[in-house]
Structure formats: C-alpha cells, structure tokens
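Report on the structure given below.
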Amino acid sequence: METKIKPAIEAFLADRGLELSKGKTVITHIKDAFTFLGQTFRKHGRTLHVTPSKEGVLALVRKVGTMIRQHRSAPMEGLITKLNSTLRGWAYYHRHVVSSEAFSRVDTYVYEQLWRMLRRRHQNKSKEWLIRKYWTASGRKHVFSVILNYKGKKHLLKVVRIGSIGIRRHIKIKADANPYMPQYAYYFWRRRHDKEARLLGALSARAYRAMRA
C-alpha cells in the first residue's frame, strides 16, 4: 500500500509545487490510530472514534496549571478571564468529537488546582470558609465563582466547566451529495440554515426552487 499510495500523492503534490513533510507524514493502520491537529483517530470494528489527543490534553492542563500558579496573588477576575478564554477555546474545538472523558478530566484538574491555590492563598481560613467564598456564589456546587463589585453593581464571575458546554455531533453529508449539482442546492441550503429550516417546517424543495426562480 505504501509503495503505491505515497508515490501517487507525492507526484500529485509535485505537479502543484508542494511536497510531503517527512517529519509529519506517516502511514499506519487505522486500528493502530494516528494523531492529526490535536485529535486521535482510531477505528474500533466498523466505528471510527475521534478523541482529543493525550498530548493535547496534557498540554492544556500544563498551561492551566501554570496560569493558576502565576495568579496566586493576583485579582481573581484576571485569572477567571484568562482561564475561561483558554478553556472555552479548547472545548469548542473538540466538542464535535468523543470528548466527554477528556472534558471531565480537565474540569477535575482545574477544580483541584484552584483548591490548592486557595489553600495557599488563604492559609488561615477553614475549608468551610473557602467553599462559602468561592463555591457558592453561582448557586452550583463545584463551580468556582466570585462576586465583583464594579461601579456600585455586583457582577458574578465564574470559571466555565467545559463539561457543561456539551458535545455537538456533526450531521454527516450524504455520500452522493455534490454542492455543484443543482439537484442538491436545497439540501446544502438546509444544512447552512439549520435553525431557519426547523422554523420553516413544511417548506418543500419545490417551494424553495420557486422562491429562488
């Protein structure tokens, strides 16, 4: 397989002034898994599983751990803002694959690191005091939150739990659908306007074509 496919790809790219990166190119069996753009692809039987790569999860928790340690004595609003930006960005990137286990692991790590930081920051305070101050403002357990007074108004700031963002599966495209063929225009229009399509309900393909005519 390697002696046929790889040369064909190299020839295809060469005609376009491109080439494969030797350091980033590998041919492996799908059952043995491979990692690409921070996600690991592995086939189990007839099912393809795509998960956040272990290296990617490890890089995230290291970044989060460093961030929390650096803000040990800094205002909490600055830490929460930076944490949320990092966590949301990573979670939204991976929310379309099998990520529940990785999300849970990250949430647990963030909780543990925040607790460790607070124990060092408030060495003379009890566990109960820490819980009341940092884990009750949002009204939900295990959600780190603080109330910020700004211009006479109170603002609730909380660290996002990426497990609450949820998993959103992509809807597969029909195998024979071609965006350049007129008969599939309505199909791709509905994919682009999914929310509107639910509201339109009874709108038929014929009605759509009539509207476009």
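Read the figures in this text as sums done on the coordinates, not as results from a lab. Since this is a predicted model, take the numbers as computed values, not measurements. Every residue, glycine among them, receives a Cβ derived from its backbone with ideal geometry; neighbour counts consider all protein chains shown.
Worth pointing out:
- Above-threshold pairs, the threshold being 19 Å between Cα atoms, out of LYS31/LYS174; LYS22/LYS63; LYS63/LYS141; LYS31/LYS54: LYS31/LYS174; LYS22/LYS63; LYS63/LYS141
- Total formal charge among the other residues, if their Cβ is under 13 angstrom from that of SER21, Lys/Arg +1 and Asp/Glu -1: +1
- Shown in residue order for segment 52-67 are the 3J(HN,Hα) couplings computed by the Karplus curve 6.51 cos²θ - 1.76 cosθ + 1.60 at θ = phi - 60°: x, 5, 4, 5, x, 5, 5, 5, 5, 5, 5, 5, 5, x, 5, 4 Hz (x for Gly and Pro).
- Near the amide H of THR40, within less than 5 Å, lie the amide hydrogens of THR51, SER53, all on another chain or at least 5 residues away, with H placed in the peptide plane.
- Nearest-0.05 FRET efficiency for ARG95 and ALA8, computed from C-beta distance (R0 25 Å): 0.10
- Span from the segment 13-64 Cα centroid across to the segment 122-178 one, whole angstrom: 31
- Under the Karplus curve 6.51 cos²θ - 1.76 cosθ + 1.60, θ = phi - 60°, whole-Hz ³J(HN,Hα) for segment 34-41, x wherever Gly or Pro sits: 8, 10, 8, 6, x, 10, 9, 10
- Rounded to whole Hz, the Karplus (6.51, -1.76, 1.60) HN-Hα couplings of segment 111-127, x for glycine and proline: 4, 5, 5, 5, 4, 4, 4, 5, 5, 7, 6, 10, 5, 9, 9, 7, 4
- Residue (of THR108, THR136, ALA175) at the positive-pole extreme of the chain, dipole from beta-carbon charges: THR136
- Estimated purely from DSSP H runs of n ≥ 4, each contributing -39500 (n - 2.57), the mean residue ellipticity at 222 nm for the chain is -15000 deg cm²/dmol once divided by its residues.
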